[in-house]
Amino acid sequence: MLEAALPTLSVLQAPVRDRLVAMDAELHGMITADFGAINEVSEYLFARRGKYLRPTLLLLSNEVGGNPQSEAVRLASIVELMHVATLVHDDAVDHSPQRRGMPTVNSRWSHQVAVIMGDYLYSRALVEVTRMGDIEAIDLLANASNRMSIGEMRQLAAHDALETTVDDYFSLCDCKTASLMSAACELGALVGRAEYRESLGGYGHDLGMAFQIVDDLLDYTVSSAVTGKPNGLDLKEHKVTLPLILALPRLEASDRHAVNELFADATPSDEQVASVIDMVRGVGGLDDAREVARSYAASALERLQPLPDDPAVEILRLTVEFVLERQK
């Protein structure tokens, strides 16, 4: 018996494809400025269409219960603006040279331009949601933005990355990733069937937690096209994520020393990174982190139980599987 094919992002987006096209056009209209330098960076950032996962979640949530509203398209554009703003700021903070195979804003222009550009995108999102005149939508997005900023500061303020606890990690995921996904789903319900806000907001939160854990796992498991080995970029940048947090207490003293050496080295070698990845895998760090992701995924599915049995809810269920099994 053949296994069912895993859902693709294209399949998940099919029910709202026309609305995503409208959202894309609206998004590009929002970022146009009267200043050439801003337009130049904006055009570069949005020249390649993003995955639009958060807008997709918002639009699907808006269709739950069969009451889709036109305001959801504008809110989806605003959520994507905020998401891209966080990416620009993250890249500047991390001094990342590339994202999705392209030079980052801080790499192509400067860190100053990246900070200002991120601020510009955030402010555009604020202007656009204020124009809608919905104080509850403003409150949701303002709170999500505040939590994302707290998450960034929480990460920067850590004095010893290797002392990061599981609770620290969950707090970071909650702020940096789950907050905006939760807000996106709740916003869709807010302008659709408001009685589903709590369920959909909870779904978005748990999906976001699973998404971030899987994202961190991919750094340990997905091979670089150049080396054929796991990227290990987080380890190179001295970022401690769930697989390593779970593995550290189980490591032998010599292996723990090797991890300490990697984190003490400003430019750890590929061999050091590969060795630590093998250690983490060997003591079950990857397997246990994946189980945590599955637990959040199961919780996300439970959040959908009170919702009506309609096509949008079925796609939201499939989205959980997509998040768990994605390879990029």
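Odds and ends about this structure:
- Enumeration of residues in the range 224-254 that are surrounded by fewer than 17 Cβ atoms within 10 Å (Cβ to Cβ) and either modelled with pLDDT of 95 or more or more than 20 Å from the chain's Cα centre (by Cα) (or both): 224, 225, 226, 227, 228, 229, 249, 250, 252, 253, 254
- Pairing each residue of the range 116-132 that is surrounded by fewer than 19 Cβ atoms within 10 Å (Cβ to Cβ) with any residue that is of a type in the set (D, E, K, R) and at pLDDT 95 or above, provided the two are 6+ apart or on different chains, yields C-beta distances under 9 Å for 131/74; 132/71; 132/74.
- Helices (runs of 4 or more DSSP H) contained entirely in the range 116-229, each with at least 1 residues that are more than 29 Å from residue 290 (Cβ to Cβ): 135-157, 179-190, 197-221
- Residue in the range 140-157 that is free of Cβ contacts under 8 Å to residues at least 60 places away in the same chain, surrounded by fewer than 13 Cβ atoms within 10 Å (Cβ to Cβ) and under 28 Å from residue 29 (Cα atoms) present: yes
- Odd one out for residue 166 among (1) under 24 Å from residue 243 (Cα atoms); (2) within 17 Å of the chain's Cα centre (by Cα): (2)
- Only one of the listed residues (72, 37) is farther than 19 Å from residue 117 by Cβ, aliphatic (A, V, I, L, M) and in a helix (DSSP H, G or I). That residue is 72.
The values are calculated or read from the model by the stated rules, or taken from the named source; none is laboratory data. What you see is a predicted model; the values in this text were computed from it and never measured. Note that each Cβ is placed from the backbone with ideal geometry, even for glycine, and that neighbours are counted across all protein chains shown.
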